[in-house]
Amino acid sequence: MAGAVVLLTAAISVLLTAFAWPSVRSSVHDVPIAVAGPAAAVKQVSASLDQRLPDAFAITEVADTAAAEQLIRDRQVYGAIDVSTGTPKVITASAASAAVAQTLQNVATALSQAQDTSTAAAARDLAPLPADDPRGAGLAAGALPLVMGGLLAALLLTRLVRGTTRRITAALAFAITGGLAVAAILQFWLGSLDGSYLANTGAIALTIAATSLSILGLEALLGYAGLGLGAAAMMLIGNPLSGVATAPEMLPGWSGTLGQLLPPGAGGQLLRSTAFFDGHGAAHSVIVLFTWLALGVALCLASGLRTRRTASVAGMAARPAARGTA
């Protein structure tokens, strides 16, 4: 009984740490933004930003508003401060991160007040969230069900489906149907997504496939230990560090970078790209997801070949023994 109590206490402590630590320690650091305008004004604003919020922004200096807007559309920066007309104006993309957009608005307002301007800085949202979900709650809440869906698929397929090829086929089929269902709920019912329904379906399906097949591959290689390892990696590391609720750059230290190398984080970024940015900035996420998918398939196939080879050797060894007995 004492051992069970200690184990449960350790488990709840790990769960709390995994989910609470990224949120509590979240802050703005090295967030990519642009500053647009004449060179002298841009240098002044950049220096002011470094002084007010050291290491908060990774600044790209551009000559005009159009260049800044293009960087935002390409998902190379989260937003921009435009001083082309003298008074700082902010260009945001709340669909990329509502938290970063709000931070930029506050910074631009502070810069305007520093210039003895009583009015708040003018703001323009270049890529807004849908009117039905202006806070992006649906997209943020959808990250956990995607992970759970992949995990449950791996768990059920290992128990209900025999054969490596059948398991892989079933996982891919579920990824497609799951992608169609989740995208329909988020886009047509909750109104949390814009863009092409088929593109959003593809992003969700790829995320589910990468999650379920990677866990299936680990289970095929290590048995139930692999299933537990895969579940822990996706649930306790991948989901809290996905950055879907805020932005990967706002997570503490190196955790945001790590989160983007796992399916939950890569899937969340890919879905933002397909839903709000016409697929721009999706290359890294697609590569990560296909890598996990391919790794899972490779592990499943390797385990299947090993099982067949072992059965074949056992069968060959049994035939001479049977002859000798006869």
Ala2 versus Phe188: modelled label distance in nm, points set 7 Å from Cα along the beta carbon direction: 6.0 nm
Cβ charges +1 (Lys, Arg) and -1 (Asp, Glu), total dipole of the chain, debye: 1980 debye
Quick one: divide the alpha-carbon radius of gyration of the stretch 137-311 by 2.2 N^0.38 Å and tell me what you get. 1.01
Over the chain, how many percent of alpha carbon pairs lie in each 20 Å bin up to the one with the longest distance? 29, 46, 19, 5, 1, 0
Per principal axis, descending, Cα span of the stretch 1-62 in whole Å: 70, 18, 9
If each residue of separation counts as 0.36 nm, what is the full-extension length gain between Leu229 and Asp125 once their alpha-carbon separation is subtracted? 33.3 nm
Per the helix-only calculation at 222 nm, which mean residue ellipticity applies to the chain, given -39500 (n - 2.57) for every DSSP H run of n ≥ 4 and division by its residues, nearest 500 deg cm²/dmol? -21000 deg cm²/dmol
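Quick check on packing: order 181-187, 96-102 by the mean number of other C-beta atoms within 10 Å, highest mean leading.
Working: 181-187: 19.4, 96-102: 22.0.
So the peptides 181-187, 96-102, ranked by packing, come out 96-102, 181-187.
Using a ≥ b ≥ c from the Cα gyration tensor of the stretch 31-125 (square roots of the eigenvalues), is it rounded, prolate or oblate, where a/c under 1.5 gives rounded and otherwise the larger of a/b and b/c decides, a/b for prolate?
Numbers: a/c = 1.35, a/b = 1.21, b/c = 1.11.
Rounded.
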Could you line up Ser48, Ser212 from fewest to most neighbouring Cβ atoms inside 10 Å? Ser48, Ser212
Explain nothing, just compute: Karplus ³J(HN,Hα) = 6.51 cos²θ - 1.76 cosθ + 1.60, θ = phi - 60°, for every residue of the stretch 138-146 in order, whole Hz, x for Gly and Pro. x, 5, 5, 6, x, 5, 5, x, 5
Amide H to amide H, which residues 5 or more places from Val31 or on other chains are under 5 Å from it, using H placed in the peptide plane? Phe57, Ala58
I'd like to know which of Thr92, Met234, Leu49 lies farthest towards the positive end of the charge dipole of the chain, counting +1 on Cβ of Lys and Arg and -1 on Cβ of Asp and Glu. Met234
Tell me which residues come under 5 Å, amide H to amide H, from Asp82 once H is placed; ignore anything under 5 positions away on its chain. Ala36, Lys89, Val90, Ile91
For Glu61, other-chain or 5+-apart residues with amide H closer than 5 Å (H placed, Pro excluded) are Val35
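When N counts the residues of the stretch 48-89, how does its alpha-carbon radius of gyration compare numerically with 2.2 N^0.38 Å, as a ratio?
Numbers: Rg = 10.8 Å, N = 42, 2.2 N^0.38 = 9.1 Å.
The value comes to 1.19.
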For Leu15 and Thr177, compute 0.36 nm times the residue count separating them, minus their Cα-Cα distance, and round to one decimal in nm. 55.3 nm
Per GNM of the chain with C-alpha springs under 10 angstrom, the most fluctuating residue out of Gly86, Gly268, Gly279 is Gly86
Tabulate in residue order the Karplus-calculated ³J(HN,Hα) for the stretch 265-272, using 6.51 cos²θ - 1.76 cosθ + 1.60 with θ = phi - 60°, rounded to whole Hz; enter x for Gly and Pro. x, 5, x, x, 5, 5, 5, 4
Please name which of Thr274, Gly296, Val286 has its Cα lying farthest along the dipole of the stretch 137-311 towards the positive end, using unit charges on Cβ (Lys, Arg +1; Asp, Glu -1) and the Cα centre as origin. Gly296
Under the Karplus curve 6.51 cos²θ - 1.76 cosθ + 1.60, θ = phi - 60°, whole-Hz ³J(HN,Hα) for the stretch 210-225, x wherever Gly or Pro sits: 4, 5, 5, 6, 5, 5, 4, x, 5, 5, 5, 7, 10, x, 5, 4
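Every read-out reported here was derived from the displayed coordinates using simple, explicitly stated rules and does not represent laboratory data. Everything quoted here is computed from the prediction, not taken from an experiment. Please note: Cβ atoms are built from the backbone with ideal geometry, for glycine as well, and neighbour counts cover all protein chains shown.
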